[in-house]
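So the structure is just underneath, and the comments pick up after that.
The values are calculated or read from the model by the stated rules, or taken from the named source; none is laboratory data. Model, not experiment: these values are computed from the prediction. Here Cβ is always computed from backbone atoms with ideal geometry, including for glycine, and neighbour counts include all displayed protein chains.
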Amino acid sequence: MLKEITESMKQMATEKAKGDLALSSTYIDDVMSGDWQVKNNKLYKGQTQINGNEDIVDLLGEKTGDTITIFQGDTRVATNVMKNGERAVGTQASSEVIAAVLKKGKRFYGQADVAGSSYQTAYMPLKDQNGNIIGMLYTGANQSILVRPGPIMGNIVLADEINRTSPKTQSALLEAMEEGSVTVDGHTMQLADPFFVMATQNPVEYEGTYPLPEAQLDRFLFKLRMGYPSFNEELDVLSLQEKSHPIETLEPIIAKEDFICLQREVQNVRADDSIKEYIVEIVQKTRQHPSVQLGVSPRGSIALMKAAQAYALLHHRDYVIPDDIQYLAPFTLPHRMMLHPEAKFEGIQAEAIVREIMSAVKVPVQRSSVR
């Protein structure tokens, strides 16, 4: 098994090195116009001298996480590889690489030990305007750092137009939301704390969308419908966008550690038995309503209670009141319900059903908040 894992890691690293080699070559072409050439015994890309050019190799290394080297002929003239505290320039490529890349003009993929770490390597020839091979571009992917943090590894994840993502991507997001972890090539990694997901969704009648499965919808705490802004709201949008993007002025309002403390404090907010009974009665009536094919699950009951606890804490209370439930239920329950096709055809909305149910359920008398 260990051998299989090692081979899998090597293959992943090789594929990464190949991809990063292509990306690096494209990036160099984008930022440095002109052909590869040798002038005054120095390697140039257009008018930019490459010998000793630390900026380009450092930038590519930062973007890819790889070791990056540019060769003039068989000699390293720019690299982010450090040896004994200095850049490893002036050294030569191996005879195997020279034979494949410089003499035959082929790409070469292999393995090398770089500064004590094992790298899967990729080389490509650099040609001048006449097609003569005058150097090489190299990328090396470290097998030990293959898994790089992606967008899902943040504290707050925004999934824009989530119903335009593929079912495979939706499934991966579902795992993250449910388990608090992600799995890459059989390796499970815990997500950041705190972690929560916000998502936007297009109407399902638009082309190219994939309706979210009920199991995934059930994992979102709230669902809010946002229509068009009012006249004044849209004026505000224009004013905010006039000179810069609003996100550029965003500033933190709470430290991560303080936010985690607030999350823990929510657990100390009390929900009286009468409040719990109120929640359960509302939820159970969603399962009995004639327009509802599938009512709210127990997960929805828990979500409503937890949301009410947080809402109470934000309003400087250590106890939940019926008003909390009445305010939050229309945002917490409707997306967890599946209506009969006939009800959808008649234009019945799940939000309206929740409000109808709440109007029919007796509101509990608020008990004393004294412990």
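Identify all residues within the range 92-107 that are surrounded by fewer than 18 Cβ atoms within 10 Å (Cβ to Cβ) and within 12 Å of Tyr138 (Cβ to Cβ); write none if there are none.
Within the range 92-107, Ser94, Arg107 meet the criteria.
Based on what the data block shows, is Leu21 assigned by TED's automatic domain parsing to the domain that holds Gly135, closer than 21 Å to Pro125 by Cβ and at pLDDT 95 or above?
No, not satisfied.
Got a sec? Which of Val266, Val280 is modelled with pLDDT of 95 or more and under 23 Å from Leu224 (Cβ atoms)?
Residue meeting the stated conditions: Val266.
Among the listed residues Gln288, Gln284, which satisfies the condition of being closer than 24 Å to Glu178 by Cα and free of Cβ contacts under 8 Å to residues at least 40 places away in the same chain?
It is Gln284.
Scan the range 110-140 for residues that are polar (S, T, N, Q) and either under 32 Å from the mean Cα position of the chain (by Cα) or at pLDDT below 80 (or both) and jot them down. Full working, then the answer.
Step one: filter the range 110-140 for residues polar (S, T, N, Q), giving 111, 117-118, 120-121, 129-130, 132, 139.
Residues satisfying the conditions are Gln111, Ser117, Ser118, Gln120, Thr121, Thr139.
List the pairs whose first member sits in the range 337-352 and is within 16 Å of Gln288 (Cβ to Cβ), whose second member is assigned to a loop (DSSP other than H, G, I, E, B), and whose Cβ atoms are under 7 Å apart, counting only residues at least 6 apart or on separate chains?
Listed pairs, sorted by first residue: Met337/Gly295; Met337/Val296; Leu339/Ser291; Leu339/Ile348; His340/Ser291; Ala343/Ser291; Ile348/Ser291; Ala350/Met337.
Would you be able to tell me the number of residues in the range 249-284 that are among the small types (Gly, Ala, Ser) and either loosely packed, with under 14 Cβ neighbours inside 10 Å or outside any loop (DSSP other than H, G, I, E, B) (or both)?
Count: 2.
Quick check on the range 36-56. Is at least one of its residues touching a residue at least 40 places away in the same chain (Cβ under 8 Å) and surrounded by fewer than 20 Cβ atoms within 10 Å (Cβ to Cβ)?
Within the range 36-56 (the criterion being touching a residue at least 40 places away in the same chain (Cβ under 8 Å) and surrounded by fewer than 20 Cβ atoms within 10 Å (Cβ to Cβ)), the answer is yes, since at least one residue qualifies.
Being surrounded by fewer than 14 Cβ atoms within 10 Å (Cβ to Cβ) and more than 30 Å from Met305 (Cα to Cα) is true for just one of Pro213, Pro246, Pro203. Which residue is that? Spell out how you get there, then give the answer.
On the way: Pro213 fails: more than 30 Å from Met305 (Cα to Cα); Pro203 fails: more than 30 Å from Met305 (Cα to Cα).
Just one listed residue meets the conditions, Pro246.
Residues in the range 26-48: is at least one modelled with pLDDT under 90 and assigned to a helix (DSSP H, G or I)?
no
Residue by residue through the range 302-353, note down the ones that are of a type in the set (Phe, Trp, Tyr) and under 32 Å from the mean Cα position of the chain (by Cα).
Tyr311, Tyr327, Phe331
Just name the residue that is surrounded by the most Cβ atoms within 10 Å (Cβ to Cβ) out of those in the range 17-29 that are of a type outside the set (S, T, N, Q) and farther than 14 Å from Gly110 by Cβ.
Asp20
Return the pair list, or none, for Cβ contacts closer than 6 Å from residues in the range 291-315 that are in contact (Cβ under 8 Å) with a residue 40 or more places away in the chain to residues that are in a loop (DSSP other than H, G, I, E, B) and among the charged types (D, E, K, R), at least 6 apart or on different chains.
Arg299/Asp218
Hey, among the residues in the range 178-200 that are in contact with a strand residue (DSSP E or B) (Cβ under 7 Å, 6 or more places away or on another chain) and at pLDDT below 85, which one's farthest from Met226 (Cα to Cα)?
Taking the candidates together, the pick is Thr188.
For residues in the range 61-77 being free of Cβ contacts under 8 Å to residues at least 60 places away in the same chain and within 21 Å of Lys18 (Cβ to Cβ), which is surrounded by the most Cβ atoms within 10 Å (Cβ to Cβ)?
So the residue we want is Arg76.
Would the range 3-14 turn up any residue that is out of contact with any Phe, Trp or Tyr (no Cβ under 7 Å at 6 or more places or on another chain) and farther than 18 Å from Tyr119 by Cβ?
So far as the range 3-14 goes, yes, one or more of its residues are out of contact with any Phe, Trp or Tyr (no Cβ under 7 Å at 6 or more places or on another chain) and farther than 18 Å from Tyr119 by Cβ.
Sort through Val266, Val280, Val292, Val237 and tell me the only one that's β-branched (Val, Ile, Thr) and in contact with a strand residue (DSSP E or B) (Cβ under 7 Å, 6 or more places away or on another chain).
Val292
For residues that are farther than 15 Å from Leu314 by Cα and among the polar types (S, T, N, Q), scanning just the range 253-295, find the one that is farthest from the chain's Cα centre (by Cα).
Ser274
Select from the range 208-248 the residues that are part of a helix (DSSP H, G or I) and either in contact with a Phe, Trp or Tyr (Cβ under 7 Å, 6 or more places away or on another chain) or within 23 Å of Tyr327 (Cβ to Cβ) (or both) and list them in ascending order.
Matches in the range 208-248: Leu217, Glu233.
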